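Asks: Starting off with a structure, shown below.
The values are calculated or read from the model by the stated rules, or taken from the named source; none is laboratory data. What you see is a predicted model; the values in this text were computed from it and never measured. All Cβ positions, even for glycine, are placed from backbone atoms using ideal geometry, and neighbour counts span all protein chains on display. What goes into the accessible areas is simple: the full protein's heavy atoms, side chains included, and nothing from ligands, DNA or RNA. Shrake-Rupley method; radii C 1.70, N 1.55, O 1.52, S 1.80 Å.
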Protein chains: 2
Amino acid sequence: MRSPTGRFGATAGSDRICSRGLASRVMSADEAAALIGPDSTIGMSGFTGAGYPKAVPAALAARIKEVHESGRPFTVSVWTGASTAPELDGLLAAADGIDLRMPYQSDPASRAKINSGEMDYLDLHLSHVAQVVWEGFFGHLDVALVEVAGITEAGELIPSSSVGNNKTWLDLADRVILEVNSWQPIELEGMHDIYYGTALPPHRKPIELVGPADRIGVPYLRCDPDKVVAVVPTHAPDRNTAFNAPDDDTVKIAGHVLEFLDHEVRHGRLPRTLLPLQSGVGNIANAVLLGLDEGSFQPLTAYTEVIQDAMLQLLRTRTLQVASATAFSLSEASEEELRANIGDYRERIVLRPQEISNHPEIVRRLGCLAMNGMIEADIYGNINSTHVMGSRIQNGIGGSGDFARNAYISIFVSSSIAKHGAISCIVPMASHVDHTEHDVHVIATEQGLADLRGLPPRRRAQQIIDRCAHPDYRDALRDYFERAIATAPGKQTPHKLDEALSWHTRYLSHGTMRA
Amino acid sequence: MRSPTGRFGATAGSDRICSRGLASRVMSADEAAALIGPDSTIGMSGFTGAGYPKAVPAALAARIKEVHESGRPFTVSVWTGASTAPELDGLLAAADGIDLRMPYQSDPASRAKINSGEMDYLDLHLSHVAQVVWEGFFGHLDVALVEVAGITEAGELIPSSSVGNNKTWLDLADRVILEVNSWQPIELEGMHDIYYGTALPPHRKPIELVGPADRIGVPYLRCDPDKVVAVVPTHAPDRNTAFNAPDDDTVKIAGHVLEFLDHEVRHGRLPRTLLPLQSGVGNIANAVLLGLDEGSFQPLTAYTEVIQDAMLQLLRTRTLQVASATAFSLSEASEEELRANIGDYRERIVLRPQEISNHPEIVRRLGCLAMNGMIEADIYGNINSTHVMGSRIQNGIGGSGDFARNAYISIFVSSSIAKHGAISCIVPMASHVDHTEHDVHVIATEQGLADLRGLPPRRRAQQIIDRCAHPDYRDALRDYFERAIATAPGKQTPHKLDEALSWHTRYLSHGTMRA
């Protein structure tokens, strides 16, 4: 599975830059940032708080601030894998340094700028990013700014704790800036599987991956050394938030999901070892995974975007045999566990480019069980994953569409209420739709689980109201539904359009969805 | 590519039932219909007005009517490939004989029953149907009722003018009723490619199809002869409506799309021979195809659902080299053209099961250029393909989601107004969403074309309003958009939720969306 042992360890030790040519391009973060001009488009590494460049973005933000103070404009476009951390998104947003951000972010400063209309934000399916950039209409990529764990003698790049779109940025950018982060365990070497077989149509071939553990590429990122204009050594930790310990609600939601999976296994519709799990990042997903660790489904596999704490625990207890992802998202404690047993984990974890970890072809083939969070669901099963009250972006669609659309079973989870009950997460009509009724199979809240498969819309509404809505909102939902049936000009999906969004407008004007 | 010639022609001549065993089960449509009991679930052939059973549904509808007249209940669930014709959907709906219909219909009688709430209707992605039925939660399939063009000596079934889900119905049903329609040209033999390599996960393998012309299966449908309880000879034509000749609007829309394709070719973003075309059925799609016949892109290929008149014309003129689909949808004149030159067409047309013609893996790999109609688009690029005024089903999502979600470029087309201007097809907020902002690349109306790729929501809105909206509605849309920006609690996708659906409610109360 891995490359010959001889190749690994080539860069072990303190010096992570074993290529002589590239070692000659070592410089400070400030010097590297000075190579980035206004209006540049920069493809940066980073997926969740893992593997993002730690030093150059801060230096660039400082430079942008200086230029702004002198009265001149300076913004850049920032493309990444997904979200990053305050040292990247936060600082550049605070410096008003970002013109266009894509394809995902979850930073408070950045979110504020987007929602105030000061920053343009493109919210894309994560599996599509590489394709659309290669396609060309996103324009030219000036700089790739990529964190790596080391550089081999031959100049190959050892990826760090996320892969994201790094392959694409390195291939497409005119110039490359590398951050070599010695905080990243050098033993990551060999964990990655970088697939170089993608192409634009009509030159595409089947991706010959049939199991989550399959390796179809090489463990290194390639990069034309002539394009590398700077190499910046760093020693700085990834920054991921720890999850909350499961509370009553998340434990209840997890219980409903686990009971559903058990039910499917008993009815012969899922194998005893389930199918490859995909799990969004968050407290509920974490609780479901922890619940699986106590369950009887073993050994499991995961084909997902991110390896978070609970997934690492499942790997440790061997409930999870293998996990494929594009990034880690680990708390400090889990990070230590990873380091302590990295030799074992390296055999059972595969980190891939996000175009492969989220690829529709693979997600469909493997039959992923997709579990993602949501902001709200409507009574017919349309899901809003991105916009609070229809207008305000929360984070973005991320990979949820990649998985939900092609999953074997697509599950969405949320508490039934938010803001201490002022918001019902089950509403008459979603104020924004990211996953349509056609792509949503199961909805679970702490109240219960609605299995929507095979149900026409009106029967879906009954299930969702009865099983998922909070009791405080159930009667009002029933009332809406019944009056919609009575008055709608068509009874396939009855709505009263003059009231459909009234719960949201009531919240906006009165601070609560309650009548 | 084709099977050895020796095998073909085994059933040529007037007698289409060459298997002795199956010939012994010949009976009348009434006798066959008598084998279908109340509460049966029936998997029927048929995709558009092609290849549906012509005799047994009518006999069944008559039987149901009789039973109803005697005061007893009798309904069945009807699963098909997609829409069929009045002889199937119309008669069974009129007899109140359908309990649940899936996955697509376009029949007026059937639509009326659905919208009055008398018939349950499940509107599914067409590529998902086989998978979800195999998965098991849709319940048991009692009867497969499938039209074929003939039966070979060895008992293999020669498919007729559509393939749809026939493979799945024949494999899964307890009992099989075959209609052998001698109206269908026997020379269809060899045109089909039935892929038997699908499986449920975790047993799925890559589908090794890399071009629209590739054949990866066999030309016949298999069927366990012991399951065949009836064989009904018929001689009846498919029933497809002819398209209208392109009018001013459709010619203009086609012109915009062709100009866009030309632009993409000139910018090196599409090859000169484009990429495999997918085209929804309808007058606009037909006009675009006819426009391509006069254009300079040649030779083209198609990987689509349905071969309609214009596509056959393109094959005739050799603008189109090959076309892959799951069904024909031909006017009488085109049907004659097909018959006159079927030897040539058989080499250049491949008819596949709809799980393959619409498969996300293949659509993504080939990089299809998807072009589908819509009911309305909102200013941010969300598309409603299914529900008039949010509640009333028109037809269904059909294959549009299969293609749009995984297409290389996904284009939606419509006239900018409907009902003589009382309806604007560009609205502040879609009253139902089938294709989200994440999946819609291009929108075209007779007014112009908006290329939404790479644009954040507010810039999308400007494009859509400026280029696609009808002048009569443009100011009102701008006014909504500006006031939404001014007042929305977040400016990523600004909406005024108390007004977002007011155009629809105005139409419902006053018969026009005009203020």
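Asks: For A:Ile375, work out the one condition from (1) more than 20 Å from A:His438 (Cβ to Cβ); (2) of a type outside the set (Ser, Thr, Tyr); (3) within 14 Å of chain B (Cβ to nearest Cβ); (4) open to solvent by 20 Å² or more (accessible area, probe 1.4 Å) it doesn't fulfil.
Replies: A:Ile375 satisfies every listed condition except (1).
Asks: Going residue by residue through segment B:284-291, is there one that turns out to be over 17 Å from the mean Cα position of the chain (by Cα) and on the phi > 0 side of the Ramachandran plot?
Replies: No, because not a single residue in segment B:284-291 is over 17 Å from the mean Cα position of the chain (by Cα) and on the phi > 0 side of the Ramachandran plot.
Asks: Could you figure out which of (1) open to solvent by less than 30 Å² (accessible area, probe 1.4 Å); (2) at pLDDT 95 or above; (3) among the β-branched types (Val, Ile, Thr); (4) over 21 Å from A:His203 (Cα atoms) isn't true of B:Val229?
Replies: (1)
Asks: Right, next: Which of (1) over 23 Å from A:His256 (Cα atoms); (2) without any contact (Cβ under 8 Å) to a residue 60 or more places away in the chain; (3) out of contact with any Ser or Thr (no Cβ under 8 Å at 6 or more places or on another chain) does A:Ala325 not meet, given it meets every other one?
Replies: That leaves (3) as the condition not met.
Asks: When the residues of segment A:129-149 are narrowed to those that are farther than 14 Å from A:Ala199 by Cα and facing chain B (nearest Cβ under 7 Å), which ends up surrounded by the most Cβ atoms within 10 Å (Cβ to Cβ)?
Replies: Per the stated criteria, the residue is A:Phe138.
Asks: Only one residue in B:Ser324, B:Ser279, B:Ser329 is touching a Phe, Trp or Tyr at 6+ places or on another chain (Cβ under 6 Å), small (Gly, Ala, Ser) and either open to solvent by less than 10 Å² (accessible area, probe 1.4 Å) or within 23 Å of B:Asn181 (Cβ to Cβ) (or both), so which one is that?
Replies: B:Ser324
Asks: Conditions first: (1) part of a helix (DSSP H, G or I); (2) more than 14 Å from every other protein chain (Cβ to nearest Cβ); (3) of a type outside the set (Lys, Arg). A:Phe412 passes all but one, so which condition is the exception?
Replies: Status for A:Phe412: all satisfied but (1).
Asks: Which members of segment A:505-515 meet the condition of being modelled with pLDDT of 95 or more and either assigned to a loop (DSSP other than H, G, I, E, B) or facing chain B (nearest Cβ under 7 Å) (or both)?
Replies: Answer for segment A:505-515, where residues must be modelled with pLDDT of 95 or more and either assigned to a loop (DSSP other than H, G, I, E, B) or facing chain B (nearest Cβ under 7 Å) (or both): A:Thr505, A:Leu508, A:Gly511, A:Thr512, A:Met513, A:Arg514.
Asks: Restricting to segment A:126-176, give me the number of residues that are of a type in the set (S, T, N, Q) and more than 18 Å from B:His438 (Cβ to Cβ).
Replies: 6
Asks: Of all the residues that make up segment B:61-75, how many are crowded, with 21+ Cβ neighbours inside 10 Å and not in a helix (DSSP H, G or I)?
Replies: 1
Asks: If only one of A:Leu126, A:Leu188, A:Leu122 is more than 22 Å from A:Ala33 (Cβ to Cβ), free of Cβ contacts under 8 Å to residues at least 60 places away in the same chain and either away from every other protein chain (no Cβ under 14 Å) or within 18 Å of the chain's Cα centre (by Cα) (or both), which one is it?
Replies: Within the list A:Leu126, A:Leu188, A:Leu122, the selection yields A:Leu122.
Asks: How many residues does segment B:399-437 hold that are under 19 Å from the mean Cα position of the chain (by Cα) and among the aliphatic types (A, V, I, L, M)?
Replies: 6
Asks: May I pose another question? Quick test for you: out of B:Lys113, B:Lys205, B:Lys167, pick the one residue that is away from every other protein chain (no Cβ under 14 Å) and modelled with pLDDT of 95 or more.
Replies: B:Lys167
Asks: Which residues, taken from segment A:196-226, are in a loop (DSSP other than H, G, I, E, B), closer than 26 Å to A:Ala59 by Cβ and open to solvent by 40 Å² or more (accessible area, probe 1.4 Å)?
Replies: A:Asp224
Asks: Continuing with the same structure: Among the residues of segment B:423-480, how many are part of a loop (DSSP other than H, G, I, E, B), acidic (Asp, Glu) and out of contact with any strand residue (DSSP E or B) (no Cβ under 7 Å at 6 or more places or on another chain)?
Replies: Going through segment B:423-480 one residue at a time, the tally reaches 1.
Asks: For segment B:298-366, give me every one of the strands (runs of 3 or more DSSP E) that falls completely inside it and has 1 or more residues that are modelled with pLDDT of 95 or more and within 14 Å of chain A (Cβ to nearest Cβ).
Replies: It comes to B:300-303, B:320-325.
Asks: Is it the case that B:Ala444 is open to solvent by less than 10 Å² (accessible area, probe 1.4 Å), among the aliphatic types (A, V, I, L, M) and farther than 20 Å from B:Asn358 by Cβ?
Replies: So B:Ala444 fits the description; yes.
Asks: So is A:Glu259 part of a helix (DSSP H, G or I) and buried (at least 18 other Cβ atoms within 10 Å of the Cβ) or not?
Replies: no
Asks: Report, by residue number, each residue of segment B:399-422 that is in contact with a strand residue (DSSP E or B) (Cβ under 7 Å, 6 or more places away or on another chain) and over 21 Å from B:Phe481 (Cβ atoms).
Replies: Hits for segment B:399-422 are B:Ser400, B:Gly401, B:Phe403, B:Ala404, B:Ala407, B:Tyr408, B:Ile409, B:Ser410, B:Ile411, B:Val413, B:Ser415.
Asks: While we're looking at this one, here's another question. With respect to B:His235, is the statement that it is of a type outside the set (Ser, Thr, Tyr), open to solvent by 10 Å² or more (accessible area, probe 1.4 Å) and under 30 Å from B:Glu179 (Cα atoms) true?
Replies: Here the answer is yes, as B:His235 does meet what is asked.
Asks: Among the candidates A:Asp142, A:Asp107, which residue alone is without any contact (Cβ under 8 Å) to a residue 40 or more places away in the chain and closer than 28 Å to B:Arg453 by Cβ?
Replies: Exactly one residue qualifies, and that residue is A:Asp107.
Asks: Is it true that A:Ser415 is modelled with pLDDT of 95 or more and open to solvent by less than 10 Å² (accessible area, probe 1.4 Å)?
Replies: No: the conditions fail for A:Ser415.
Asks: Okay, moving on. Here is a list of conditions, (1) aliphatic (A, V, I, L, M); (2) part of a loop (DSSP other than H, G, I, E, B); (3) buried (at least 23 other Cβ atoms within 10 Å of the Cβ), and A:Ala285 meets all of them except one; can you say which number that is?
Replies: (2)
Asks: Could you list all residues from segment A:100-143 that are acidic (Asp, Glu) and under 19 Å from B:His441 (Cα atoms)?
Replies: A:Asp120, A:Asp123, A:Glu135
Asks: Would you check if A:Gly454 is at pLDDT below 95 and either buried (at least 17 other Cβ atoms within 10 Å of the Cβ) or at the interface with chain B (Cβ under 8 Å from one of its Cβ atoms) (or both)?
Replies: Judged against the criteria, A:Gly454 is a match.
Asks: Go through B:Ala333, B:Ala370, B:Ala340 for me and flag whichever is within 19 Å of the chain's Cα centre (by Cα), closer than 30 Å to B:Thr80 by Cα and of a type outside the set (Lys, Arg).
Replies: Matching residue, one of B:Ala333, B:Ala370, B:Ala340: B:Ala370.
Asks: Still on this structure: Identify the single condition in (1) open to solvent by 40 Å² or more (accessible area, probe 1.4 Å); (2) out of contact with any strand residue (DSSP E or B) (no Cβ under 6 Å at 6 or more places or on another chain); (3) at pLDDT 95 or above that A:Asp99 does not satisfy, given that it satisfies every other one.
Replies: Exception for A:Asp99: condition (2).
Asks: So, in segment B:481-504, of the ones that are of a type in the set (Asp, Glu) and not in a helix (DSSP H, G or I), which residue ends up farthest from the other protein chains (Cβ to nearest Cβ)?
Replies: Step by step, filter segment B:481-504, then rank; the result is B:Glu499.
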